[in-house]
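FYI, it's all coordinate maths here, none of it is from the lab. None of these values were measured; they are calculated from a predicted model. Note that we place each Cβ from the backbone using ideal geometry, even for glycine, and neighbour counts take in every protein chain shown.
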There are 2 protein chains.
Amino acid sequence: LPEDVSESSFGRLLQGAVVDESNGKVLVVQDRNKTKNAWKFPGGLSDPGENIGATAVREVFEETGVRSEFKSLLSIRQQHDHPGAFAMSDMYIICRLRPLSYDIDFCTQECLRCEWLELAELARTDRTTPITSRVARLLLRGLERGFGEIDLVMEELPAVYSGVFYQLYLRPLKG
Amino acid sequence: LPEDVSESSFGRLLQGAVVDESNGKVLVVQDRNKTKNAWKFPGGLSDPGENIGATAVREVFEETGVRSEFKSLLSIRQQHDHPGAFAMSDMYIICRLRPLSYDIDFCTQECLRCEWLELAELARTDRTTPITSRVARLLLRGLERGFGEIDLVMEELPAVYSGVFYQLYLRPLKG
């Protein structure tokens, strides 16, 4: 391994899009230490061995104070030629979460702002990132036509040889 | 980092389901060094910095001699409590590929058998793994009702701050 690779480089970056289906709003933050104030979904790095959904729920809570539950996997990003990236450090996953609480108590060290924003507004604003904008459009489609069209759902299965369990994310087999 | 973590532990495991839409067949292999002879999709580990689709296409060619092109991402697996796994070593991605050649010339060091198998047969046989069986059922649905129902397609986008490009995989925005 290169000497400059730190343990944290191997974490998976997870973001959680917490969608309130009752009013079409989604939880978004603006990072404190960025030059451009773009809305994005809250998130952070997984701990070793932590499940995708568990990371997203934990990071959203730590950053915003909102409790939620995992619903599905929506998107995966792979960075090309990321400066300093090594092997797996360049994966980045966005999940759909369902809110269990609504009051915001955001981390002022990480965030400048945190709001429940209309999905329709997030889908059309310039004050966001290309990936957030696309996922907002996808979530709008989910609101209108059902999340069954956009979700990768989780199934837990035993491995054939070892007997340990794994999580498989794929489109629902019944559609 | 733990001392027993080798560089190869950080590779992403990619498998390619090469589907021939003209006859409903898919390319499958049986590993040479397994006690149970289960059909599975060919694949292997990504090189550092290598794209998901490029790894799948390369590994399928090296293992089976069949040339193909990347079409979509189908499924992601996360292993829970994998013995010896550390952080990112436990991700495993299945892609859908389209064949560009059909003659099999398989690697006899890696594989015991390699065949074009009916997807319908792979979906119902016991001589496969749970994940392969599920993906076969998903691919059958794609053959019958269009792959637009099951695919995560790739979009290449510039990063906001750095200007480098990344690959985003998500459900098609037009459905």
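Below is a table of values for the structure above.
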read-out	value
Copy-to-copy label separations for B:Asp20, where each label sits 7 Å from Cα toward Cβ, in nm and ascending	5.5
Coordinate range along principal axes, alpha carbons of the range A:110-175, Å, largest first	50, 34, 19
Spin-label model distance (nm) - A:Tyr102 vs A:Glu156, 7 Å beyond Cα toward Cβ	3.1
Under 15 Å from the Cα of B:Lys71 - aspartates and glutamates, other chains or at least 8 residues apart	B:Asp20, B:Glu21, B:Glu149, B:Asp151, B:Glu155, B:Glu156
